[in-house]
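Asker: Pasting in a structure now, in structure tokens, and then I'll have a few things to ask.
The values are calculated or read from the model by the stated rules, or taken from the named source; none is laboratory data. What you are looking at is a predicted structure, and each value in this text was computed from that prediction instead of being measured. Please note: Cβ atoms are built from the backbone with ideal geometry, for glycine as well, and neighbour counts cover all protein chains shown.
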Amino acid sequence: MIRSIIAATLALSPLSLMAKERMSDKFEVEGSVLIYDTEEANGEILDDDIRALKLSLRKHTDVTELHLNSSGGSVHAGAEMAAIVMKYRLDTYVEEECTSACVDVFLAGNRRQMASGAKIGFHQRSWAAQAVQRYYRKYRARNDWGTPFEFGSWIYGDTQTEVHAHLVYMISRGVEPGFVVSTLKAKSDEIWYPSHEELSAAGVLREAVPGVVPLQRVPVAQAEQLPLAAPEVKKQR
């Protein structure tokens, strides 16, 4: 009888009653934690996830931590989601894996930690040949690219600007500059997974910055009317 009473009490405890609410096929809320998992849906980071993240945070004002599991996706979407995480001053946590564009979202966190056995991976960015061709055909008149060679010259400069901006971002998030340079050593079809010790020493993993607290949430009013993010056709992963 006593065991039955104890079991019933545990079943009604706050932890057991903590409801999970699925916001989309990638987002799920559990208490103060927002879970973002692209792998369960066999997907990747996409532009539509920017809007979904905004809506999730506006609806659930008690969320203070973002849990991540993603192998990457759109560079543009990752950067926009990172800006949102910084705006709301969320903590970030890797459940299983966070690779490529996902790392930008992770580094936006205040306190940054990972589960035992989880992985954080880095590699060079890439731009698929078909996407390059579509971009050239769409924007060649606007940019006055008379030949594909002029477009190639533009790509050369634009890529250096983009890589520089990304390195500056990582350093601004407290990552050691030497480590930041090392994140470029793995080619786009490879992944470098540093050890937990390396990630901690480099500042990728860190405790909360003193004095930084989650941002007070704005009301949900008209959140559902937010426009979809403008599609970005440039580099992926």
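Conditions tested, residue by residue: (1) without any contact (Cβ under 8 Å) to a residue 24 or more places away in the chain; (2) among the polar types (S, T, N, Q); (3) buried (at least 17 other Cβ atoms within 10 Å of the Cβ).
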| position | (1), (2), (3) |
| --- | --- |
| Val94 | no, no, yes |
| Gly109 | no, no, yes |
| Arg134 | no, no, no |
| Val168 | yes, no, no |
| Lys185 | yes, no, no |
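Asker: For the range 193-212, state whether one or more residues are at pLDDT below 95, assigned to a loop (DSSP other than H, G, I, E, B), over 24 Å from Asp47 (Cβ atoms) and of a type in the set (Val, Ile, Thr).
Answerer: Looking for residues that are at pLDDT below 95, assigned to a loop (DSSP other than H, G, I, E, B), over 24 Å from Asp47 (Cβ atoms) and of a type in the set (Val, Ile, Thr), one finds at least one in the range 193-212, hence yes.
Asker: Something else about it: Right, Ile155: of a type in the set (A, V, I, L, M) and under 19 Å from the mean Cα position of the chain (by Cα) or not?
Answerer: no
Asker: Just the residues that are more than 8 Å from the chain's Cα centre (by Cα) and hydrophobic (A, V, I, L, M, F, W, C), please, taken from the range 64-76.
Answerer: Leu66, Val75
Asker: Just give me the residues in the range 119-132 being surrounded by 17 or more Cβ atoms within 10 Å (Cβ to Cβ) and hydrophobic (A, V, I, L, M, F, W, C), in sequence order.
Answerer: Within the range 119-132, Ile120, Phe122, Trp127, Val132 meet the criteria.
Asker: Looking at Val220, is it surrounded by fewer than 16 Cβ atoms within 10 Å (Cβ to Cβ), modelled with pLDDT under 95 and out of contact with any Asp or Glu (no Cβ under 9 Å at 6 or more places or on another chain)?
Answerer: yes
Asker: Then there is this: I'd like the full set of residues that are without any contact (Cβ under 8 Å) to a residue 60 or more places away in the chain and among the aliphatic types (A, V, I, L, M), limited to the range 83-92.
Answerer: Residues satisfying the conditions are Ala83, Ile84, Val85, Met86.
Asker: For the range 38-59, which positions are more than 17 Å from Asp25 (Cβ to Cβ) and either among the aliphatic types (A, V, I, L, M) or out of contact with any Pro (no Cβ under 9 Å at 6 or more places or on another chain) (or both)?
Answerer: Hit for the range 38-59 is Leu57, nothing else.
Asker: Is there any pair with a first residue in the range 38-62 that is farther than 20 Å from His76 by Cα and a second that is buried (at least 17 other Cβ atoms within 10 Å of the Cβ) and of a type outside the set (D, E, K, R) whose Cβ atoms are under 6 Å apart and which are 6 or more apart or on different chains, and what are they?
Answerer: Pairs found: His60/Val29.
Asker: Additional query: Give the number of residues within the range 88-140 that are charged (D, E, K, R), within 20 Å of Leu167 (Cα to Cα) and under 14 Å from the mean Cα position of the chain (by Cα).
Answerer: 2
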